[in-house]
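Here, each number is a calculation from the coordinates, and none is a lab measurement. Please read these numbers as outputs of a predicted model, since none were measured by experiment.
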């Protein structure tokens, strides 16, 4: 299979043309001569979004694990910052693993290259609704903080 095929599969999985090159570069770090290796690759969206970033990218199990970690040990201030940093550095690896899993499954069941790419576009991609959930969450946090501060400090 050619590099062009691999590039098209990644582009179909990411489903955002302007982000494809970034993910191709990240994914190339994780595959060393056919062996998958977890490596650091910084992602600001993963740093700020944590489990929501993984949910956005349809990585349900890693998202659930990070969510559970965030609501349990992530309530400790130093640990929450550490989780954010680790998410920023390693979350893209879990997107890569999701890509590899979907690619393998598609290739086992579909012979035609174009149909594989089309199928990858349908099963890959992202959840746009997660962006709206994140925006609402951030707004609620700011409104709550403003409410608490205005009550405490007697602001207008």
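Summary of computed values
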{"read-out": "The chain: calculated mean residue ellipticity at 222 nm from DSSP helix runs of at least 4, using -39500 (n - 2.57)", "value": "-25000 deg cm²/dmol"}
{"read-out": "Sequence-separation-based contact order of the range 1-80, relative, with Cα cut under 8 Å and 6+ spacing, percent", "value": "12"}
{"read-out": "Centre separation in Å (Cα based) which lies between the range 89-136 and the range 69-83", "value": "28"}
{"read-out": "Relative contact order (%) - criterion: Cα under 8 Å, at least six apart; region: the chain", "value": "31"}
{"read-out": "Percent of Cα-Cα distances greater than 18 Å, calculated over the chain", "value": "64"}
